[in-house]
């Protein structure tokens, strides 16, 4: 039994948005856990993964042949290893009120954050079915709790939550599990840059969370690795709120 286990093929994982803060943490965490990691992003980047495939997910929506071409590139990168998990992490955040947000900004957000994850599941479904694999979507607290200026982003993440549940129901009989992690504020380069060095505002944001801090990318990555593992074999259609308790808090006047 031990000899056979040693000769089992290393399981492959595809991580989108690999060049971002959470993406890098995801690639590193899956690598440490012994997976063969294929990372992808629209920009070239040095990421801790076994293979990096540069690809702009918007092409899945705009170019008919893009899905097939990307699937072939990923399969070549896996070099015969089974794809056991698809991690839909890539996202764009185009902000603006209703009057400022352009139609292209709104539809472009949906293309990357919602339509691309669906098309990727569809494209790699045969691979995932073959090994009873899983999909983990990286959502956001904005799926249910949002604020002015986030119409496009919140809509895309709410849609991703609905898609997760629908796919879990449809793909469960085939042995494919689909779950979503919904973080609140996370310490990524993008978030820190948004505060432009204003430490007081960042500390104020942290204070809104009952735990008194924002999330670390490695925490999101750790939960994702767990959801892909055999320890989570009976978890599907789940939405895990990694929000430091902020979704349980009212902000009424004291």
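Throughout, read-outs are computed from the coordinates displayed, never taken from laboratory work. Being a predicted model, the structure only gives us computed values, none of them experimental. Here Cβ is always computed from backbone atoms with ideal geometry, including for glycine, and neighbour counts include all displayed protein chains.
Here are some notes:
- Contour excess over end-to-end distance, with Cα ends at residue 62 and residue 174 and 0.36 nm allotted per residue: 37.4 nm
- Computed over the range 2-240, the convex hull of the alpha-carbon atoms projects to a mean area of 13.8 nm².
- Degrees separating the helix 66-78 axis from the principal Cα axis of the chain, which is the longest one: 60 degrees
- Residues of the range 27-61 with an amide N closer than 18 Å to a point placed 7 Å from the Cα of residue 102 along the Cα-to-Cβ direction: 58-59.
- Against the main long axis of the alpha-carbon atoms of the chain, helix 199-208 sits at an angle near 80°.
- Peptides ranked, highest mean first, by Cβ atoms within 10 Å: ranges 213-226, 132-145: 132-145, 213-226
- The protection proxy used here, the mean number of other Cβ atoms lying within 10 Å of each residue, ranks peptides 230-243, 73-86 as follows, highest first: 73-86, 230-243.
- Most fluctuating residue given options 68, 189, 197, as computed from a GNM of the chain linking Cα atoms under 10 Å: 197
- Relative contact order [Cα under 8 Å, 6+ residues apart], the chain, whole percent: 19 percent
- On Cα atoms only, tilt of 151-171 relative to the major axis of the chain in degrees: 30 degrees
- Fewest-first ranking of 95, 110, 120, using other Cβ atoms within 10 Å as the exposure measure: 95, 110, 120
- Where labels lie 7 Å past Cα in the beta-carbon direction, separation of residue 75 and residue 206 in nm: 4.8 nm
- Coarse-grained scattering of the range 1-124 at q = 0.11, 0.21 Å⁻¹, given as base-10 log I(q)/I(0) from a Debye sum over alpha-carbon atoms: -0.41, -1.18
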